[in-house]
1. I'm trying to understand the selection: among the residues of segment 19-36, which are surrounded by 10 or more Cβ atoms within 10 Å (Cβ to Cβ) and at pLDDT below 80?
2. Which residue, of 16, 41, 62, is surrounded by 11 or more Cβ atoms within 10 Å (Cβ to Cβ) and assigned to a helix (DSSP H, G or I)?
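The values are calculated or read from the model by the stated rules, or taken from the named source; none is laboratory data. Nothing here was measured: the structure is a model prediction, and the numbers come from that model. We place every Cβ from the backbone using ideal geometry, glycine too, and count neighbours over all the protein chains shown.
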């Protein structure tokens, strides 16, 4: 039975890869930006713009700068979420 489950998982992975490739090639999969503005990052994390700016100034989240514009990397936001996860309430 374990061999069958493994085979099924392998087949499912191959099918999923083909579906994703087909969707990407047809242009029906929207591109998700990797860099977000402060406002977008606030929405993404469910925080206020001021809270995000405080996190940036406190060095809790890194930024990417282009000229005077500030962007936050989705990967850094995801890492912040993982580090700050807690079980239950304190």
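1. The answer is 20, 23, 24, 29.
2. Answer to the check: 41.
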